[in-house]
Amino acid sequence: MSSFDDISEMFRSELDKLTHLLNSTNIDSNLSPTEIVEIYYQIMNMSSMNVMLKQQLNSDDQKSLLDEIIETEKLISEKFNHTIHPQILEKLTQSIQDITANLQSSSSGQKSKEEIENEAKQYEELRQKMSTKEFVEQYGKGL
Amino acid sequence: MIKEIAQNLVNLKKEFAKIYDGTSQIQEAIPILKSKKFPIDDLDSLHNFTKNNPIYYNSYEKTISDIPCVVYEGDINKYWLNSIRHGSSRAPFSPTWILSAYLCCLHVKSLGYKQVIDIGSGDGRIAYCAKILGLDSYSIEIDDMLVDLQNSISESVGVNFNPNCSDAITFDYLTINLSNPAFFIGGLAQMGGITLATGILENTQSNPVKKNTGLVLAGTVSQKYATDPLNHAGWGTLIDKFSLDVIDTVILPAVWTFKETDDVHYIFTKFQK
């Protein structure tokens, strides 16, 4: 089993990754599906670690780590779950609506091979965003 | 014989997938001439359907495994988008290869069936193949945009394969003259096919022709999809529940298996007498 120092180090390393992700991500921009999945993966990773560590920490000399875990839970709950997550979902929904409207408006008339194959890329982007939205919604259902 | 041609088609697809360097969303190849590997009299009719089908926007000749073929390139994205808008389609439109459709209908004919009812018929290719083989055919599709597509193809090729815009689960099959029908269920078991097939089977329970009825089910053993504990490419539990007899399984390519190693398992079943 890992020593307390190893556990603390692992926790802080993962927390650093999460803090860096949250600080460096511009939520107002259109995040790519990969960026979105990376953020949610780290949030879920951190949340699981918090639950597991809280069960293991019991002595007074581990209190400082316990306090950090509680702070992290607060960060996830307040900053992510209540602010960033709804914003990501809203952006995704809007982007899906925009791409769909754009594709629907251009769906009639004769098109060249190049036009059809370029449009197919937008459909691919739409499919990716829809599946990312499903993933984000699943996260929301677990809150 | 049909299994041998089916294997030749699977091999052709594998070779085609290896050498294809285009970027179209969907593609299929059809041999130009009747040959030892493809002893098919109706190849011209299959080309005719494809040439008159607006989902294809480009075609060119290409020899694949020493077989001269025409490659058709197409795009079905707008139909996918429409099915989402309606929210009623049980599985998005993704056609089988026309030669696969033809071989399935040929098999159904050899098994003695007189009518083909293509459920979730997409662009109507199975119903079309049944018709050119001299079977009575009915094409049932819930998506209006796809039914419009079928009507346009039917008019262009001059073959009426009876497109119907209906929900196949609530459709009244007593209104059509059936004696020995084979129902083709569109959609993999894992992609809405079970729901569709269950609805059809429940709907036809009281139909007097039930004992002469066959069902052709499209399944997959691809690891991307959930397996069924009773196998049969995802259909085992349904086959058991409705006491169907499995007559045969034929493996054939579809548009979506182009880059896959596993092709579609068409399972030919009938009600136990």
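Within region A:86-143, work out how many residues are closer than 30 Å to B:PRO54 by Cα and in contact (Cβ under 8 Å) with a residue 40 or more places away in the chain. Break it down into steps so the answer makes sense when it comes.
Residues of region A:86-143 closer than 30 Å to B:PRO54 by Cα: A:95-131.
From what's left, in contact (Cβ under 8 Å) with a residue 40 or more places away in the chain: A:95, A:128-129, A:131.
Of the residues in region A:86-143, 4 are closer than 30 Å to B:PRO54 by Cα and in contact (Cβ under 8 Å) with a residue 40 or more places away in the chain.
Which is surrounded by fewer than 15 Cβ atoms within 10 Å (Cβ to Cβ), within 14 Å of chain A (Cβ to nearest Cβ) and either in contact with a His (Cβ under 6 Å, 6 or more places away or on another chain) or not β-branched (Val, Ile, Thr) (or both), of B:TYR60, B:TYR56?
On the way: B:TYR56 fails: surrounded by fewer than 15 Cβ atoms within 10 Å (Cβ to Cβ).
B:TYR60 is the lone residue from the list that is surrounded by fewer than 15 Cβ atoms within 10 Å (Cβ to Cβ), within 14 Å of chain A (Cβ to nearest Cβ) and either in contact with a His (Cβ under 6 Å, 6 or more places away or on another chain) or not β-branched (Val, Ile, Thr) (or both).
When region B:65-83 is examined, which residues are found to be at the interface with another protein chain (Cβ under 8 Å from one of its Cβ atoms) and either assigned to a loop (DSSP other than H, G, I, E, B) or farther than 30 Å from B:LYS34 by Cβ (or both)? Outline the logic, then answer.
Step one: list which residues in region B:65-83 are at the interface with another protein chain (Cβ under 8 Å from one of its Cβ atoms), which gives B:73, B:75, B:77-78, B:80-81.
Scanning region B:65-83 gives B:ASP75, B:ASN77, B:LYS78, B:TRP80, B:LEU81.
Kindly indicate whether B:ASP21 is loosely packed, with under 15 Cβ neighbours inside 10 Å, within 14 Å of chain A (Cβ to nearest Cβ) and either of a type in the set (A, V, I, L, M) or without any contact (Cβ under 8 Å) to a residue 12 or more places away in the chain (or both).
Values: loosely packed, with under 15 Cβ neighbours inside 10 Å: yes; within 14 Å of chain A (Cβ to nearest Cβ): yes; either of a type in the set (A, V, I, L, M) or without any contact (Cβ under 8 Å) to a residue 12 or more places away in the chain (or both): yes.
Yes, satisfied.
Going by the structure shown, is A:ILE7 buried (at least 16 other Cβ atoms within 10 Å of the Cβ), farther than 23 Å from A:GLY140 by Cβ and not hydroxyl-bearing (Ser, Thr, Tyr)? Step through it out loud before you land on a result.
Numbers: buried (at least 16 other Cβ atoms within 10 Å of the Cβ): yes; farther than 23 Å from A:GLY140 by Cβ: yes; not hydroxyl-bearing (Ser, Thr, Tyr): yes.
For A:ILE7, the condition - buried (at least 16 other Cβ atoms within 10 Å of the Cβ), farther than 23 Å from A:GLY140 by Cβ and not hydroxyl-bearing (Ser, Thr, Tyr) - is met.
Given (1) of a type in the set (A, V, I, L, M); (2) surrounded by fewer than 19 Cβ atoms within 10 Å (Cβ to Cβ); (3) within 27 Å of B:GLY134 (Cα to Cα), identify the lone condition not met by B:LEU201.
Failing condition for B:LEU201: (2).
Quickly run through region B:137-161 and pick out the residues that are under 18 Å from B:CYS105 (Cα atoms) and either β-branched (Val, Ile, Thr) or surrounded by fewer than 20 Cβ atoms within 10 Å (Cβ to Cβ) (or both).
B:ILE140, B:VAL159, B:ASN160, listed by residue number.
What is the number of the single condition among (1) over 19 Å from the mean Cα position of the chain (by Cα); (2) surrounded by fewer than 16 Cβ atoms within 10 Å (Cβ to Cβ); (3) more than 17 Å from B:LEU252 (Cα to Cα); (4) not hydroxyl-bearing (Ser, Thr, Tyr) that B:PRO39 does not meet?
It is condition (3) that B:PRO39 fails.
Among the residues of region B:224-273, which ones are among the acidic types (Asp, Glu) and either closer than 24 Å to B:SER110 by Cβ or under 20 Å from the mean Cα position of the chain (by Cα) (or both)?
Going residue by residue through region B:224-273, those that are among the acidic types (Asp, Glu) are B:228, B:240, B:245, B:248, B:260, B:262-263.
If the condition is that a residue be among the acidic types (Asp, Glu) and either closer than 24 Å to B:SER110 by Cβ or under 20 Å from the mean Cα position of the chain (by Cα) (or both), then B:ASP245, B:ASP248, B:GLU260, B:ASP262, B:ASP263 are the ones that fit.
Test A:THR72 against the stated conditions and say whether it is surrounded by 15 or more Cβ atoms within 10 Å (Cβ to Cβ), within 14 Å of another protein chain (Cβ to nearest Cβ) and β-branched (Val, Ile, Thr). First the steps, then the outcome.
On the way: surrounded by 15 or more Cβ atoms within 10 Å (Cβ to Cβ): yes; within 14 Å of another protein chain (Cβ to nearest Cβ): no; β-branched (Val, Ile, Thr): yes.
No, not satisfied.
If you scan region B:56-91, which residues turn out to be at pLDDT below 95 and among the aliphatic types (A, V, I, L, M)?
Residues satisfying the conditions are B:ILE76, B:LEU81, B:ILE84, B:ALA91.
State whether the residues of region B:30-53 include one that is more than 14 Å from chain A (Cβ to nearest Cβ), within 28 Å of A:GLU125 (Cβ to Cβ), in a loop (DSSP other than H, G, I, E, B) and modelled with pLDDT of 95 or more.
So in region B:30-53, the residues more than 14 Å from chain A (Cβ to nearest Cβ) come out as B:30-53.
Next, from what is left, pick out any that are within 28 Å of A:GLU125 (Cβ to Cβ): B:53.
Now drop any that are not in a loop (DSSP other than H, G, I, E, B), which leaves B:53.
Okay, now just the ones that are also modelled with pLDDT of 95 or more, so B:53.
The answer is yes; a qualifying residue exists.
Could you list, ordered by first residue, the pairs with Cβ atoms under 6 Å in which the first is in region B:221-250 and of a type in the set (D, E, K, R) and the second is surrounded by 14 or more Cβ atoms within 10 Å (Cβ to Cβ) and outside any loop (DSSP other than H, G, I, E, B), at least 6 apart or interchain?
These pairs meet every condition: B:ASP228/B:GLY234; B:ASP228/B:GLY236; B:ASP228/B:THR237; B:ASP245/B:LYS270; B:ASP248/B:PHE268.
Every residue in region B:162-190 that is within 23 Å of B:ASP148 (Cβ to Cβ), surrounded by 17 or more Cβ atoms within 10 Å (Cβ to Cβ) and among the aliphatic types (A, V, I, L, M), please.
Residues satisfying the conditions are B:ALA168, B:ILE169, B:ILE185.
Give region A:94-143 a look and list any residue that's facing chain B (nearest Cβ under 10 Å) and closer than 30 Å to A:SER48 by Cα, or say none.
Scanning region A:94-143 gives A:ARG127, A:MET130.
When you check B:TRP97 against the structure, is it modelled with pLDDT of 95 or more and either more than 13 Å from the chain's Cα centre (by Cα) or under 30 Å from B:ALA17 (Cα atoms) (or both), yes or no? Break it down into steps so the answer makes sense when it comes.
On the way: modelled with pLDDT of 95 or more: yes; either more than 13 Å from the chain's Cα centre (by Cα) or under 30 Å from B:ALA17 (Cα atoms) (or both): yes.
The answer is yes for B:TRP97.
Of all the residues that make up region B:127-166, how many are farther than 17 Å from B:PHE49 by Cα and in a helix (DSSP H, G or I)?
Going through region B:127-166 one residue at a time, the tally reaches 2.
Can you find even one residue in region A:89-106 that is of a type outside the set (Asp, Glu) and more than 30 Å from A:ARG127 (Cβ to Cβ)?
Of the residues in region A:89-106, the ones of a type outside the set (Asp, Glu) are A:89, A:91-97, A:99-106.
Narrowing further to those that are more than 30 Å from A:ARG127 (Cβ to Cβ): none.
Checked region A:89-106: no residue is of a type outside the set (Asp, Glu) and more than 30 Å from A:ARG127 (Cβ to Cβ).
The values are calculated or read from the model by the stated rules, or taken from the named source; none is laboratory data. The structure displayed is predicted, hence computed values, not measured ones. FYI the Cβ positions are ideal-geometry reconstructions off the backbone, even for glycines, and counts take in every protein chain you see.
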